[in-house]
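S.K.: Shown below is the structure under consideration.
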Amino acid sequence: EPEVTQTPSHQVTQMGQEVILRCVPISNHLYFYWYRQILGQKVEFLVSFYNNEISEKSEIFDDQFSVERPDGSNFTLKIRSTKLEDSAMYFCASIRGDNNIQYFGAGTRLSVL
Amino acid sequence: RKEVEQDPGPFNVPEGATVAFNCTYSNSASQSFFWYRQDCRKEPKLLMSVYSSGNEDGRFTAQLNRASQYISLLIRDSKLSDSATYLCVVTRDSNYQLIWGAGTKLIIKP
């Protein structure tokens, strides 16, 4: 069964460093999403991406965040200068387009020290 | 009012019992509805879509009430493995933007 894959599974970084979280969505999917979940809290929407551009973003997705789909398969989330409060699980998800069921990757746990 | 509201729980339920959760949503234009399940420190996984006519999948039954803008999930004959957080999800206008509830935590006790 096709799946969304995310790397790395765990990323440890120092405050102020840049991190890039990687996702490979399911190959025939058209819509891509990043979410984050702080430990013990709800799933929070960050950004959605369609047709090589951002379709919607939340208040959380400020200038420190950016997304790219550089080669038609990878979908990356970059955090330019990490803060302690960026520590969370980051989930990538994708939707095929003929239905709106989201399939999630296993997530990247980001720990900012 | 939150776009999607759920009772956070936890619901502590003995094994074998029946348990039901409700979820209310604020956007009357929402068209699609889902229940996802999330285990601790894992990704959300689709449990079932919710259709207007209601639908059943084994021990799980989902209902939609558009007039009152709520959806429900019923779990019969609960198992220890049903312990998880159950997330209510509805679409916004575009149908590809999903609004997530905060989840209801279920603990099944032996």
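S.K.: Using just the C-alpha positions of the protein assembly as shown as equal point scatterers, what log10 of I(q)/I(0) does the Debye formula give at each q in 0.08 1/Å?
M.R.: -0.29
S.K.: Apply the a/c threshold of 1.5 to the C-alpha gyration tensor of the stretch B:22-97 and tell me whether it is rounded, prolate or oblate. Numbers along the way, then the final one.
M.R.: Values: a/c = 2.29, a/b = 1.43, b/c = 1.60.
Taking the square roots of the gyration eigenvalues as a ≥ b ≥ c, the stretch B:22-97 is oblate.
S.K.: Sticking with this structure for a sec: Determine how large the accessible area of residue A:101 is when every protein chain is in place; take a 1.4 Å probe and give Å² rounded to the nearest 10.
M.R.: About 30 Å², rounded to the nearest 10.
S.K.: In a Gaussian network model over chain B where Cα atoms closer than 10 Å are linked, find which of B:89, B:13, B:50 has the largest mean-square fluctuation.
M.R.: Maximum fluctuation in the GNM of chain B, among the listed residues, is at B:13.
S.K.: Ok, one more. Which pairs break 23 Å Cα to Cα here: A:78/B:105; A:42/A:78; A:83/B:2; A:42/A:83; A:83/B:45; B:79/B:105? Intermediate values should be presented prior to the final figure.
M.R.: Working: A:78/B:105 31 Å; A:42/A:78 21 Å; A:83/B:2 28 Å; A:42/A:83 19 Å; A:83/B:45 29 Å; B:79/B:105 14 Å.
Flagged as over cut-off: A:78/B:105; A:83/B:2; A:83/B:45.
S.K.: Okay, next question. Go ahead and set up a Gaussian network model of chain B, Cα springs under 10 Å, then flag whichever of B:51, B:70, B:96 fluctuates most.
M.R.: Looking only at B:51, B:70, B:96, the biggest GNM fluctuation is shown by B:96.
S.K.: Please compute the contact order of chain B in relative form: average sequence separation of alpha-carbon pairs under 8 Å and at least six residues apart, divided by the residue count, as a percent. Write out the running numbers ahead of the final one.
M.R.: Working: 280 pairs, mean separation 41.5, N = 110.
Relative contact order of chain B: 38 percent.
S.K.: Once phi is turned into θ = phi - 60°, what whole-Hz ³J(HN,Hα) does the Karplus curve with 6.51, -1.76 and 1.60 give for every residue of the stretch B:49-55, x standing for Gly and Pro?
M.R.: 3J(HN,Hα) across the stretch B:49-55, in whole Hz: 7, 10, 9, 4, 7, x, 8.
S.K.: Mind checking how much accessible area A and B bury in total, 1.4 Å probe, in Å² rounded to 100?
M.R.: Numbers: alone 6630 and 6200 Å², together 11120 Å².
So the total buried area for this chain pair works out to about 1700 Å².
S.K.: Identify all aspartates and glutamates with a Cα-Cα distance to residue B:42 below 19 Å; exclude those on the same chain that are fewer than 8 residues away in sequence.
M.R.: Leaving aside aspartates and glutamates fewer than 8 places away in the same chain, those within reach of residue B:42 are A:1, A:3, A:44, A:86, B:82.
S.K.: Moving to a separate point now. Just the number please: accessible area per residue for chain A, 1.4 Å probe, all protein chains included, in Å². Could the numbers behind the result be given before it?
M.R.: On the way: 5790 Å² over 113 residues.
Here the residues of chain A average 51 Å² of exposed surface.
S.K.: When the accessible area of each residue in the stretch B:35-83 is compared between its chain alone and the complete protein assembly (1.4 Å probe; ligands, DNA and RNA ignored), which residues differ by at least 40 Å², being lower in the assembly?
M.R.: Hits at the 40 Å² cut-off: B:36, B:38, B:41, B:43, B:44.
S.K.: Taking only protein heavy atoms into account and a 1.4 Å probe, give the accessible area per residue of the stretch B:16-68 in Å².
M.R.: On the way: 2680 Å² over 53 residues.
Result: 51 Å² of accessible area for each residue.
S.K.: So which residue, out of A:28, A:99, A:74, gets the largest mean-square fluctuation from a GNM of chain A using Cα contacts under 10 Å as springs?
M.R.: In this elastic network of chain A, the residue with the biggest mean-square fluctuation among A:28, A:99, A:74 is A:99.
S.K.: Among rounded, prolate and oblate, which fits the stretch A:66-113 when a ≥ b ≥ c are the square roots of the eigenvalues of its C-alpha gyration tensor, a/c under 1.5 means rounded, and a/b larger than b/c means prolate? Walk me through the intermediate numbers first.
M.R.: Numbers: a/c = 3.11, a/b = 1.71, b/c = 1.82.
Cα axes put the stretch A:66-113 in the oblate bin.
S.K.: Protein chains only, probe 1.4 Å: how do B:39, B:82, A:71 rank by accessible area, largest first?
M.R.: On the way: B:39 60, B:82 5, A:71 90 Å².
So, going from the largest accessible area down, we get A:71, B:39, B:82.
S.K.: Sorted by accessible area with a 1.4 angstrom probe, largest first, how do A:10, A:29 fall?
M.R.: My answer, sorted largest first, is A:10, A:29.
S.K.: So for A:15, A:89, B:48, what's the accessible-area order with a 1.4 Å probe, most first?
M.R.: Details: A:15 115, A:89 30, B:48 10 Å².
So, going from the largest accessible area down, we get A:15, A:89, B:48.
S.K.: Any cysteines in the protein assembly as shown with zero other Cys Cβ atoms under 4.7 Å from their Cβ? List them, or say none.
M.R.: B:40
S.K.: On the protein heavy atoms, probe 1.4 angstrom, tell me the percent of accessible surface of the protein assembly as shown carried by carbon and sulfur. List each step's numbers first, then the result.
M.R.: Working: 5180 of 11120 Å².
Percent of accessible area from carbon and sulfur atoms in the protein assembly as shown: 47.
The values are calculated or read from the model by the stated rules, or taken from the named source; none is laboratory data. Quick caveat, the model's predicted, so the values are computed rather than measured. When we count neighbours, we look across all protein chains shown, and the Cβ atoms used for this are built from the backbone with ideal geometry, even at glycine. We work out accessible area using only protein heavy atoms, side chains counted, and drop any ligands, DNA or RNA first. Shrake-Rupley method; radii C 1.70, N 1.55, O 1.52, S 1.80 Å.
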